[in-house]
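The values are calculated or read from the model by the stated rules, or taken from the named source; none is laboratory data. In this text, all values refer to a predicted model and were calculated from it rather than measured experimentally. A quick note on method: Cβ atoms are made from the backbone with ideal geometry, for glycine too, and the neighbour counts reach across all protein chains shown. Areas reflect the complete protein model, heavy atoms only, side chains present, ligands, DNA and RNA absent. Shrake-Rupley method; radii C 1.70, N 1.55, O 1.52, S 1.80 Å.
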Amino acid sequence: MQLNDLNLAVIGLGYVGLPLAVEFGKVRSVLGFDINNKRVSELQGGSDSTLEVSQSDLYEAKHLVYSSKPEDLSACNTYIVTVPTPIDEYKRPDLTPLIKASRTIGAHLKPGDIVIYESTVYPGATEEDCVPVLERVSGLTFNKDFFVGYSPERINPGDKQRRLNNIKKVTSGSTKEVANLIDQLYAQIITAGTHKAESIRVAEAAKVIENTQRDVNIALINELSIIFNRLGIDTEAVLEAAGTKWNFLPFRPGLVGGHCIGVDPYYLTHKAQAIGHHPEMILAGRRINDGMGAYVVSQLVKAMTKSRIQVQDSKVLVMGLTFKENCPDLRNTRVVDIVYELSEYNVDVDVFDPWVNADSAREEYGIHMTDNPVPGSYDAIILAVAHDEFRSTPVEELRKMGKPQHILYDLKYIYKAHETDLRL
C-alpha cells in the first residue's frame, strides 16, 4: 500500500482525536468517527466545546467528514484510535474504551488494513491486548492480513503555542514497511518532524515515561514544599533562588491531575508489578501527589483555627476547577479533592470557574458551580487554578470576596507572599 492509497479514519473526537482529524482534513480525506451523537452534531455545526480547535480550523478541514455510524468505517483502510485510557477506582488501567474501539474496527477490518493507536498504554498493550481483539473479531491474522502501529499523542490542552503540528511525533509500526508508511503519513501534517521508533513497545514506553518523569519531579517539589512550610520558609523564594543555576529544573508544587500526568504512571507501575518489579520511586511520587488535596485543606484548617475562624459551617470559595489553566478540561482534576475534603469538615464550598460547563461539573463530580460569588461572604478563598481571569484580578479586589477576617490561600503563586495568608 502506498501513502495515497490510505483511506483514513480517526476514532474518537476528543481533545486528542479532533485536532488530529482536523489537521489531516486540511490535506487529505478523513472520516472523523465518534460514538457520541451529540459530539458529532456539534462538530458538524462548526463548533468544538473543548475549545482545542477554532471555528476557522474546522472550516479549513475541507476534506473531513464526521460520523457516528460504525458502518461508515467500512470505506476506510487505515484507522487511528484516540480514545481515552483512564484508570479505575483502584488505580488500575482501564482499557475498556480501547478494547471497545478495537472491536468496532475489527468488525470492518479487511486484508491490508492498518490500525494505529495513539492512546496512552503500558509497553506491550497494543500487541498483547488490542491485536488479539482485532484478530478475534475480524478473523484475520496479524502481520499477515492486517498491521498495526503506535504513535503516542502529545496534546497539551489549552496550550496555544505548542500545537499538534509543531510537536515532534514518535511513530512506529509492526513491520518495517508499515513503520515507514505510518511515518510518511504523519509527516504530512507534523511540521516539527517525526521520530521513528525501532518498535511499537519502544514507542509505548517512551510515551508512558514522559509524564511519569514529570510526575516524579513534581512530587519532589511537593514534598520539599511540605518540608519548607514546616520550617517556616517560603517555597517560592527557595525555588527562585535555586533557579538561578543553569541546570535547575523549574518545577513548582501543586495539584497533579489531568488526562496524563496523574494517570500515565499507573499504567507503567501496573506493567512493572505484572513482571515482578515493585516500582518504589514512581509509586512514592504518586502517593505524594495524590495526597496534596488533603494537605492543602489541612493547612487551611490550621490557618483558620489560628485566626479564630470557626471551620465547621464556614464558607469557602474555591477559584478554579479545571485540571489546568485556560481550558475547560475537567478530566481527573484534583481540585475536587479539596472540595470533597472540605465537605468532611462540614464546610459550605462555592466553586467558581468561568471556563467550566456547569452541567459537566455536576455530571462528572456532583459539584454545583457558582456563577456569581457574593462579595464579603467567605471565611476563606483558595486560588486553585491560574486562569488568566484570576491572574489579572488585583489582590485587593479578590480580598473583597472575603469577610473582614478571612484566609487567602494562593496555590498558584499568583500574588506575592506578603499579599496572601498561605502559599504552597
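General remarks:
- Residue within segment 232-244 that is in contact with a His (Cβ under 6 Å, 6 or more places away or on another chain) and either among the acidic types (Asp, Glu) or outside any helix (DSSP H, G or I) (or both) present: no
- For segment 68-125, filtered to residues that are aromatic (Phe, Trp, Tyr) and touching a residue at least 12 places away in the same chain (Cβ under 8 Å), the residue that is nearest to SER29 (Cα to Cα) is TYR79.
- Taking segment 84-98 as the range and being more than 18 Å from GLY262 (Cβ to Cβ) and surrounded by 15 or more Cβ atoms within 10 Å (Cβ to Cβ) as the test, only LEU98 passes.
- Qualifying residue in segment 109-131 (condition: acidic (Asp, Glu), in a loop (DSSP other than H, G, I, E, B), over 18 Å from TYR15 (Cβ atoms) and open to solvent by less than 10 Å² (accessible area, probe 1.4 Å)): yes
- Applying a threshold of 8 Å to beta carbon distances and a minimum spacing of six or more residues, or different chains, the list of pairs starting in segment 126-143 at a residue that is under 18 Å from SER199 (Cβ atoms) and ending at one that is of a type in the set (Val, Ile, Thr) and surrounded by fewer than 19 Cβ atoms within 10 Å (Cβ to Cβ) reads ASP129/ILE99; CYS130/ILE99; ASN143/THR175.
- Given (1) more than 30 Å from HIS270 (Cβ to Cβ); (2) hydroxyl-bearing (Ser, Thr, Tyr); (3) in a loop (DSSP other than H, G, I, E, B), number of the condition THR50 does not satisfy: (1)
- Boolean, MET369 is in contact with a strand residue (DSSP E or B) (Cβ under 9 Å, 6 or more places away or on another chain), surrounded by fewer than 23 Cβ atoms within 10 Å (Cβ to Cβ), among the aliphatic types (A, V, I, L, M) and touching a residue at least 40 places away in the same chain (Cβ under 8 Å): yes
- Residue match in segment 30-47 (condition: acidic (Asp, Glu) and surrounded by 15 or more Cβ atoms within 10 Å (Cβ to Cβ)): yes
- Residue within segment 65-73 that is open to solvent by less than 50 Å² (accessible area, probe 1.4 Å), under 28 Å from ASN180 (Cα atoms) and either assigned to a loop (DSSP other than H, G, I, E, B) or modelled with pLDDT under 95 (or both) present: no
Let's see how each residue does on (1) open to solvent by 40 Å² or more (accessible area, probe 1.4 Å); (2) touching a residue at least 40 places away in the same chain (Cβ under 8 Å); (3) not β-branched (Val, Ile, Thr):
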| position | (1), (2), (3) |
| --- | --- |
| MET304 | no, yes, yes |
| ASP313 | yes, no, yes |
| THR322 | no, yes, no |
| VAL335 | no, yes, no |
| LEU342 | no, yes, yes |
| PRO354 | yes, no, yes |
| ALA358 | yes, no, yes |
| TYR378 | no, yes, yes |
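- Positions within segment 237-253 being closer than 30 Å to LEU330 by Cβ and touching a helix residue (DSSP H, G or I) at 6+ places or on another chain (Cβ under 7 Å), in sequence order: LEU249, PHE251, ARG252, PRO253
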